[in-house]
1. How much length is gained on full extension from residue 141 to residue 184, taking 0.36 nm per residue of separation minus their Cα-Cα distance?
2. Over segment 59-217, what is the relative contact order in whole percent, taking alpha-carbon pairs under 8 Å and six or more residues apart?
3. Name the helices (complete DSSP H segments) of the chain with a Cα length along the long axis of 27 Å or more and a Kyte-Doolittle mean of at least -0.5, or state none.
4. Working only with C-alpha atoms, what are the Rg and Dmax values of segment 1-136, expressed in angstrom?
5. Excluding residues fewer than 8 places away in the same chain, name every one of the aspartates and glutamates whose C-alpha is closer than 15 Å to that of residue 128.
6. Could you sort 36, 82, 181, 98 by accessible area so the largest value comes first, with the probe set to 1.4 Å?
7. For residue 207 paired with residue 54, estimate the spin-label separation in nm (one decimal), with each label point 7 Å from Cα along the Cα-to-Cβ line.
8. Mind checking which aspartates and glutamates have their Cα closer than 19 Å to the Cα of residue 55? Skip sequence neighbours fewer than 8 apart in that chain.
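The values are calculated or read from the model by the stated rules, or taken from the named source; none is laboratory data. It should be emphasised that the depicted structure is a prediction, and the values quoted were computed from it without experimental measurement. Virtual Cβ from ideal backbone geometry, glycine too; neighbours counted across all protein chains shown. What goes into the accessible areas is simple: the full protein's heavy atoms, side chains included, and nothing from ligands, DNA or RNA. Shrake-Rupley method; radii C 1.70, N 1.55, O 1.52, S 1.80 Å.
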Amino acid sequence: MGLEELFENNRKWADNVRAEDPHFFESLVHQQAPRYLWIGCSDSRVPANEIIGLKPGEVFVHRNVANLVMHTDFNCLSVVQYAVEVLHVEDILITGHYGCGGVQAALVQRDMGLIDNWLHSVSVLAKKHRAFLEAAPSVTDQLDRLCELNVIEQVRILCENALIRHAWLRGQRLSVHGCIYGLRDGRLHDLGATISSLDEIEPHSERALHALIERFE
Ligand code: CO
């Protein structure tokens, strides 16, 4: 598909949207008020809006390789700050996916250059849970386990960040959820890792971790 086709697709899409709702674009020009922030993987097979059936204006999105949250990543944290402090989103969905190439690269520790630095924390996580991962019946299952572990870990990391902590201290209503998407069936699953207050950070991430480990025992 060439670029011309993309512009043609866009023209048809805009015409269709306008045919359904003549004021759709006008209404979005003046404001966006999404309830959700999606932090997901850059993988082209995991498009936020389509998967959860939301229109433009309904979900604020940040994506990077392996859906990581890092305290040194100004890109991700700027998105989080804007979403929480300006847009007042109520729910943050950290969404991983099975078969994630980024997580796989961290798992097999293949030398891939610059991206090894980005994925370092996932390698550390894999080492920490080595016994659980090695107990998996296949390499695919091992990867899927690490994809889930990674999401639960990112939920905890985000909740420990001052941006989220301060929001809760201000009394703002905000929940951080951990989800995983199946490339094979298109289904999104809640990992039961939701955290909605400072007190819940430790117990809820521990609970989600135990539930994951028990599910495979
Ligand atoms: Co991925």
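1. Numbers: separation 43, 0.36 × 43 = 15.48 nm, distance 1.34 nm.
Residue separation times 0.36 nm, minus the Cα-Cα distance, leaves 14.1 nm.
2. Values: 209 pairs, mean separation 40.8, N = 159.
Relative contact order here is 26 percent.
3. Values: long enough: 139-160 (31 Å, 0.19).
In the chain, the long hydrophobic H runs are 139-160.
4. Rg, Dmax (Cα atoms, Å): 18.6, 57.
5. Of all the aspartates and glutamates, those that pass the test against residue 128 - Cα under 15 Å, at least 8 places apart if same chain - are 148, 153, 206.
6. Values: 36 65, 82 100, 181 25, 98 45 Å².
Solvent-accessible surface, decreasing: 82, 36, 98, 181.
7. 2.4
8. Excluding near neighbours in sequence, the set is 15, 20, 21, 26, 90, 91.
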